[in-house]
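K.L.:
Pasting a structure below so you can have a look.
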Amino acid sequence: MRRGRIAIGSVALFSCLAAPIVALGESAGELSSVVVTATRVAEESRDLPVSIDRVDDKTIRNGQLQVNLSESLVTVPGVSVQSRQNYAQDLQLSVRGFGARSSFGVRGVRLYSDGIPGTAPDGQGQFSQFDLGSADHIEVLRGPFSALYGNSSGGVIAIFTEDAQPGVALEGSAEYGTFNTQRYAMKTTGDNGLINYVVDTSHFQTDGYRAHSDAERNLFNAKVSFAPSDTSKLTVVANAVQTPFVQDPLGLTRAQLAADPTQAGVNAVAYNTRKSLAQEQGGVVYEDHLSGADDVVASAYTGHRTTTQFQAIPQATQQAAPLSPGGVIDLSRAYFGVDLHLTDQRTLSGTPLLLVAGVNYDDLAEARKGDLNYIGSQLGVPGALRRDEANYVYDFDQYLQAQWDPSSRWRVVAGVRNSLVDVTSHGHLAVLDAADSEVRYSAVNPVGGITFRASDVVNLYGSYGKGFETPTLNDLAYRSVDGSLPGLNLGLKPARSNNYEAGIKAGNAYVRANLAAFYTKTVDELAVLQNLSGRTVDQNIGQTTRRGAELATDAQWGGGFSARMAYTYIRALVAQAYFTCVAAPCNPLTATAGRPPANYFPVAAGNFLPAIARNSLYLGITWGYSAWGFSTTLETEGRAKIYADDRNTDAAAGYWVANWRAGFEQQTKHWRFSEYARLDNLANRAYVGSVIVNETNSRFFEPAPGRTAYVMFNAALRN
């Protein structure tokens, strides 16, 4: 990669790495340097004042199901990705505690796929379109510099589709496992010197660990690149995801968890709680090397997503509240966006100076409808229309970055992003919906950092930045769980944070270690006020603090041994007392009054924030023997207890689990075969994988499965 090459994807944080990490399981005896583009120009990660990790393709695919991000990101410190065993609600993903409270999708973390945002302008993210089967690598940024990439606080997660090797290849894979889990995939790639293409499609299905948790997912991903001129490159990406039928088992109380963790929650079967979605999106990224010092990148994307979700809102509750929006959510979203940035490299007093200036616009139009979830005595079917509104969100941002090396030992990186997010709502049912309404959020977020090269093997760094997180449309969707207050909850304010980080990056050819300490203070944090039967009402709370440390190490030993360790410590606390609701009805507009309603109870300063483990650890040791084409990995994962509600009245206990995988690979001139097997939770431990924060009926718990087994087969033909 020549110096000055700009990242594919104008708002993406990273580009392809110039030198990949040696994968766990390879027999190479040295670690390669890690090169990223945190400033949109290829640089070694150790020279940048940011916490950034990369997960390579072998870690993503070898012995993995390639279904959930939780498989791969467990190796990254500061990141928690917990499977809910519920494909109707996605994974519970958080970075340094941001996003842990989200009851649906991803909030507070920016997502990108090949430079195309997976995060809407309101800050709500979806990763169901992430295709792990064709991924080259995943990059994860934490800390202050994430603020340079828009409406997010915790970090950035970006996935990149592989580039095809010369020639034409056809690849097929099949996987089978516990709970009738099956995955089938076909991929074709090619490069004739003019066009480089990758096309991948897969089908996944499972009966699920719990009752009423069947799931099915179909995925398509394609990337085509070519060079219109000697200095330019055009990349076209397209993907689609369809989940025609996914059941929602809901959460369990502690008594239900003890009696039978595989059972479905109350009313899940009666109301046939479930979700279906379909999404199609496409985008183009154009890069041009204008001169020896200047580059330009322009990108545009568009897409459409429809979602239908059946909730377990009791029939009596809907009948008792004439303004109830019903128990069926019907969403249709159309979105598009554009981004343009310029990169200029020059000198300042004889020292290198890099400047990046850009602008982006994203737009989302949502049609939100709500139906009753019954007709007469028949439950779990769409009934009368009770909500019909049109919601619009757009953001318009400008950003500027600079990187300066005043000497061979020092590097200074700074930037600023000006963000504007506008939300408008228009109700079509005059009797049930609120009048037209609009709210606008804005912020100017500066960031800065310094790296000091203490020696050839040790770098020190420090950074600071302001963060900005707006309420999402899902956060705004309800003002009360019983439907007594119609319309969007536009009284919510954006959360604002100050983020500090300091760290050490050290290593040689055989061992690499990154240690970071961080502190974040947030005001007006968005939190769950009440959660009932899949419907969530949010509120702003007072100050919160997060302080902690991350440690990641990689090692290559002799004899084919390698290891990876990732440890995270987070102490996330309430800094100012507030009230939360524990029983219906709840009116968020009066929650902060001098004397709260009877259903509100105080949350004390010093309480731990829910769904955030104080300690988590991953350790994996791999042995590979290239003469046999064999590799095996033994890994352990541990997590401390997590509280289920703001008042810290209940918690999911901490746990340790061990997993094992092993496989063989065979290769001839034109063929490559692989066979892998894996066992998860070797000791068959019973534990809770995730919690539903502030669930009103104390149905907090989403249990994880016991011992599971899978086998994976792959065959590839290359011409």
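K.L.:
For segment 525-569, what are the residues that are in a strand (DSSP E or B), farther than 21 Å from residue 515 by Cβ and hydrophobic (A, V, I, L, M, F, W, C)?
P.N.:
Passing the criteria: 526, 527, 528, 529, 532, 537, 561.
K.L.:
Scan segment 406-427 for residues that are under 30 Å from residue 489 (Cβ atoms) and either surrounded by fewer than 21 Cβ atoms within 10 Å (Cβ to Cβ) or polar (S, T, N, Q) (or both) and report the count.
P.N.:
Count: 7.
K.L.:
Picking from 421, 511, 444, 439, which residue would you name as being under 26 Å from residue 354 (Cβ atoms) and in contact (Cβ under 8 Å) with a residue 24 or more places away in the chain?
P.N.:
It is 444.
K.L.:
Right, another one. Hey, among the residues in segment 127-160 that are assigned to a loop (DSSP other than H, G, I, E, B) and within 23 Å of residue 497 (Cα to Cα), which one's modelled with the highest pLDDT?
P.N.:
143
K.L.:
Restricting attention to segment 239-260, which residues are among the aliphatic types (A, V, I, L, M), buried (at least 19 other Cβ atoms within 10 Å of the Cβ) and under 26 Å from residue 200 (Cα atoms)?
P.N.:
Listed by number, the residues that qualify are 241, 246.
Every residue, every condition in (1) among the aromatic types (Phe, Trp, Tyr); (2) closer than 26 Å to residue 448 by Cα; (3) surrounded by fewer than 24 Cβ atoms within 10 Å (Cβ to Cβ); (4) without any contact (Cβ under 8 Å) to a residue 60 or more places away in the chain, yes or no:
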residue	(1), (2), (3), (4)
96	no, yes, no, no
107	no, yes, no, no
116	no, yes, no, no
147	no, yes, no, no
159	no, yes, no, yes
166	no, no, yes, yes
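K.L.:
Quick check: is even one residue across segment 251-273 in a strand (DSSP E or B), farther than 18 Å from residue 303 by Cα and within 22 Å of the chain's Cα centre (by Cα)?
P.N.:
no
K.L.:
Restricting attention to segment 77-90, does a residue exist that is crowded, with 23+ Cβ neighbours inside 10 Å, in a strand (DSSP E or B) and at pLDDT 90 or above?
P.N.:
yes
K.L.:
Only one of (1) closer than 30 Å to residue 172 by Cβ; (2) assigned to a strand (DSSP E or B) fails for residue 682. Which number is that?
P.N.:
Only one criterion in (1) closer than 30 Å to residue 172 by Cβ; (2) assigned to a strand (DSSP E or B) is unmet by residue 682, namely (2).
The values are calculated or read from the model by the stated rules, or taken from the named source; none is laboratory data. Here the structure is a predicted model, which is why all the values come from computation and not from measurement. Glycine also receives a Cβ, built like all others from the backbone with ideal geometry; neighbour counts cover every protein chain displayed.
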